[in-house]
Amino acid sequence: MRVQADLQAKLSPLLAETFPGFIELDAMERLSGGASQETYRLTLRTRKGPLLLALRRAAGGLPAEISAEHPGLAVEAELMLAAARAGVPEPEIFRVLSPEEGLGPGFLMQWLDGITLGSKIVKSPELDAVRPRLAAQCGEVLGRIHGIDLAATALREKLVEIGPEACVNQTWARYKALQTPQPMIDYTARWLLANLPQTYQPALVHGDFRNGNIMVDGRRGVVAVLDWELAHVGDPHRDIGWMLTHSWRFGRAELPVGGFGQLASFLEGYARTSGREVDPQAVKFWQVFGSFWWSVGCLGMAEQYRTGPDQSVERPAVGRRSSECQMDCVNLLIPGSVALVSPTSPVDASMMPHRDELLASVIDFLQEEVVPATEGRTQFLARVARNSLDIVSRELALGTAAGHAEFSRLACLLAVSADEADLQALRWRLVNELRGGHWTLDAPELMEHLRATVVNQLNIDQPRYPALRAALAPPARALSNLADDSH
């Protein structure tokens, strides 16, 4: 509360300078979601009546490192202005924050009414009438983004071009810096480097165009494209593949475009405004890359929780979503038979209460009392906290068995004695061998181990994730072309 009060005090003089007739900042609410940036709804009292604004700023108000994939919030505002001129639905930008104002990087923009939560977009009854046309709309909007003239808008001078190989290597390097052995991530990196798109026409790439970063209402459909923080110049297929990535289907795996539409409609809309041909193999590459990139991004959220500055309960919870993305990579690249371990961590029933009862009591309290009694971001975080405790509960029940099974497979795979190393050491050995090229990607015993490891980790982290059901429902198969993406 002290942080928000300080932010509110610094905002008031800036608002008075920006909006004639400003009287007072009546309310300021941080919105749910947005783990990498902060978004607030501001309610202003003015002489002409109430005025709603949105404030977007860097997490904790601290400047992030400006890089090829993170051009900064000032450039993000410029991108939104250029997109609006190209016919992309965008909120009006009123002011870009400057360093001397003490608020950190960010900007003030028009408040628009609509739904941004991906889970609501795929199922909210108020969107039933527009949902059938959302895929085509998204394709049209994306085509307009890719058609923005980078030279005429001067964006070419402010954005770096990032090719497919650089994207893979940069993401792989970020993962390596986290010092956590996740063999499926290394396997996927090697697959991506072996299957790079050979040619592409450079374009403005949004970088995060997906369900959850569009605003939708029940009358017009798409009313805004949000979160331009990853924009760059690159292969436009990256945006198409990202829109198809399983993480952004919000439980509707059968609808490949954001969990709300079919691929044919999306590509028809894209063709109307882009004039570009779509290469199915390039889209597959970028869809795999999307899960690879987000698997590393999730781990990065856990690292940010450890190091600050925004240590919300959301960040470590997102960290555990890495296994979801790794499971998507398994299903796309090395599908096959898998099996789940059984619980082997019995509860000491003599304890009064035992650990499961303690966990269950807190989970029930959050679900039955805190969630109904709260709203907005507090309610959202209460749900996140409940889910985190669910993960702990499943890990207590299944973690030991999963670890023992993984250790046994690794000892056999690496031909070491069971008493020569511990699990972490064997994980690192496999990771280093993958990085060193010692394994061919089609080695059956390697693929079997990766499948079993990822599926059992996901069963702990999020057993309701659709990719787990797909993996456990034979026959599983690889993605052979775009139309086949139905699992």
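Since every read-out is calculated from the coordinates, none of them should be taken as a lab result. Only a predicted model underlies this, so the values are computations on that prediction, with no experimental measurement involved. Note that each Cβ is placed from the backbone with ideal geometry, even for glycine, and that neighbours are counted across all protein chains shown.
In whole Å and largest first, what semi-axes does the C-alpha gyration tensor of the stretch 316-484 yield when each eigenvalue is scaled by 5 and square-rooted? Before the final figure, lay out the partial values.
Numbers: eigenvalues 216, 100, 38 Å².
So the equivalent ellipsoid measures 33, 22, 14 Å along its semi-axes.
Among 288, 172, 253, whose Cα lies farthest out toward the positive end of the dipole of the chain, if unit charges sit on the beta carbon of Lys, Arg (+1) and Asp, Glu (-1)?
253
With the contact rule set at Cα under 8 Å and sequence spacing of 6 or more, what percent relative contact order holds for the chain? Display every interim value, and only then the final one.
On the way: 827 pairs, mean separation 74.2, N = 487.
Relative contact order for the chain comes out at 15 percent.
Return 404, 146 ranked ascending by Cβ neighbour count within 10 Å, so the fewest neighbours appear first. Let's see the in-between values first.
On the way: 404 13, 146 24.
Fewest-to-most Cβ neighbours within 10 Å comes out as 404, 146.
Quick one: if you stick a label point 7 Å off each Cα along the C-beta vector at residue 351 and residue 24, how many nm between them?
With each label point 7 Å from Cα toward Cβ, the separation is 5.2 nm.
For a paramagnetic label modelled at 7 Å from the Cα of residue 17 toward its Cβ, which residues of the stretch 101-119 fall within the zone defined by backbone nitrogen distances under 18 Å?
Correct set: 101-109.
Magnitude of the Cβ-charge dipole of the stretch 246-298, K/R +1 and D/E -1, about the Cα centre, nearest 20 debye? Please report the intermediate quantities before stating the final value.
Numbers: 5 positive and 4 negative charges, 22 e Å.
Taking the Cα centre of the stretch 246-298 as origin, the dipole is about 100 debye.
Per residue of the chain, what 222 nm ellipticity follows from adding -39500 (n - 2.57) for every DSSP H run with n ≥ 4, rounded to the nearest 500? Don't skip to the end; give the middle numbers.
Working: 16 runs with 231 residues, N = 487.
Helix contribution divided over all residues of the chain: -15500 deg cm²/dmol.
Can you list the residues, at least 5 places off or on another chain, whose amide H is less than 5 Å from the amide H of residue 160, using H built in the peptide plane?
Close amide H contacts, sequence-distant or interchain: 233.
Once whole DSSP H runs in the chain are found, which of them have Cα atoms spread over 27 Å or more along the helix axis and a mean Kyte-Doolittle score of at least -0.5? The partial results should precede the final answer.
On the way: long enough: 280-307 (40 Å, 0.05); 376-413 (50 Å, 0.22).
Passing helices, by number: 280-307, 376-413.
In whole Å, how far is the Cα centre of the stretch 82-153 from that of the stretch 398-471?
About 41 Å separates the Cα centre of the stretch 82-153 from the one of the stretch 398-471.
Any chance you could run the full-extension gain for residue 173 through residue 311? It's 0.36 nm times the residue separation minus the Cα-Cα distance, nm to one decimal. Could the numbers behind the result be given before it?
Numbers: separation 138, 0.36 × 138 = 49.68 nm, distance 2.38 nm.
Roughly 47.3 nm would be gained on extension.
From the cross-link list 48/158; 158/284; 10/120; 10/48, which pairs have alpha carbons spaced over 32 Å apart? Mind showing how you got there, number by number?
Values: 48/158 38 Å; 158/284 29 Å; 10/120 34 Å; 10/48 23 Å.
48/158; 10/120, as the Cα separations exceed 32 Å there.
Search the structure for amide H atoms under 5 Å from the amide H of residue 102, placed 1.01 Å from N in the peptide plane, and list their residues when 5 or more places away or on another chain.
none
Using label points projected 7 Å from each Cα along Cα→Cβ, tell me how many nm separate residue 473 and residue 220, to one decimal.
A separation of 3.7 nm, rounded to one decimal place.
Which whole-number percent gives the relative contact order of the stretch 316-484, counting Cα pairs below 8 Å spaced six or more residues apart?
Numbers: 157 pairs, mean separation 77.5, N = 169.
Relative contact order of the stretch 316-484: 46 percent.
Tell me, in nm to one decimal, what length is gained between residue 423 and residue 337 on full extension, where the rule is 0.36 nm per residue of separation less the Cα-Cα distance? It would help to have the intermediate numbers written out before the result.
Working: separation 86, 0.36 × 86 = 30.96 nm, distance 2.33 nm.
Difference between extended and current length: 28.6 nm.
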